[in-house]
Amino acid sequence: MNVTRGFTGRPRVADAGLPPGQYDAGEDWPVLSAEVTPDLSPADWTFRIDGLVAAERTWDWDEAHALPESAYEGDIHCVTGWSKFGVRFSGVPLDAFLDVVRPDAAATHAVAYSHTGYTTNLPLADLTGGRAWIAFAHDGKPLAPEHGGPARLLVPHLYFWKSAKWIAGLRLLDHDEPGFWERNGYHGRGNPWEEQRYSGD
Ligand SMILES: Nc1nc2c(c(=O)[nH]1)N[C@H]1C(S)=C(S)[C@@H](COP(=O)(O)O)O[C@H]1N2
Ligand SMILES: [Mo]
């Protein structure tokens, strides 16, 4: 039982607690960007899924918003140590996009890429089952540009570096291919509950 958390008074949906080695950032939401925040309007935003799929597809803003939305209410965990409890995002679950492109049976991994050039790799299984979203809103408001607006990947059960801001697409592969931080020594999967911070953890 983490005592400090009991004093925050924030409503909690599920008391999942802090993963090992993490601390509660409270109300703060730090910005962590390797790039300068791009000037990306909804009109300029697109999302594409390509690689090992039956039918590659690009969605624009309106097409992506035509898909059924759902919300994530829960926690996020940054590999630098901060966790944030009870965040609320809404967007379209990746399952809805993947249903359209129909991944090949051989597809096991994905590289997520941003409009800025940032990349991060994930097992495809972590993007399905209602556990990953293209998120458009936080706390009922459009996602702020510094937090990835107009749209970011959200994979909250993994360390937050997997949640690529200014998401542009996913490339489906039959092998794992390290992204930006992973080439610099970070873990391929990044499960905070198993403290998979660095490759070899
Ligand atoms: N495009 C892009 N996405 C990114 C990053 C980045 O530098 N560029 N940083 C990652 C890291 S390390 C974290 S912790 C979160 C931070 O998101 P935030 O700035 O909204 O807190 O975004 C992830 N997604
Ligand atoms: Mo991070």
Once amide H atoms are placed 1.01 Å from N in the peptide plane, what residues at a sequence separation of 5 or more from Gly26, or on another chain, have their amide H within under 5 Å of its amide H? Phe85
Inter-part gap, Cα centre of region 175-201 to Cα centre of region 24-86, in whole angstrom, is 19
Percent of accessible area on region 43-194 owned by carbon and sulfur, 1.4 Å probe? 52
In debye to the nearest 20, how big a dipole does region 122-190 give about its Cα centre with +1 on each Lys and Arg Cβ and -1 on each Asp and Glu Cβ? 160
Keeping all protein chains in place, calculate the accessible area per residue for the chain (probe 1.4 angstrom), answer in Å². 46
In the calculated pair distance distribution of the chain, what percentage of Cα-Cα distances lie above 30 Å? 17
Would you work out the charge dipole size for region 43-194 about its Cα centre, treating the Cβ of every Lys and Arg as +1 and the Cβ of every Asp and Glu as -1, and quote it to the nearest 20 debye? 340
When the chain is treated as a Gaussian network with springs between alpha carbons less than 10 Å apart, the largest mean-square fluctuation among Leu158, Leu52, Leu170 is found at Leu52
Which one of Gly190, Ser114, Leu124 has its Cα pushed farthest toward the positive end of the charge dipole of region 82-201, where Lys and Arg give +1 and Asp and Glu give -1 at the Cβ? Ser114
Cβ neighbours within 10 Å, averaged per peptide: list 62-72, 23-33 in order, most packed at the top. 62-72, 23-33
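The values are calculated or read from the model by the stated rules, or taken from the named source; none is laboratory data. Everything numeric in this text was worked out from a predicted model, so none of it was measured. When we count neighbours, we look across all protein chains shown, and the Cβ atoms used for this are built from the backbone with ideal geometry, even at glycine. For accessibility, only protein heavy atoms count, side chains too; no ligands or nucleic acids. Shrake-Rupley method; radii C 1.70, N 1.55, O 1.52, S 1.80 Å.
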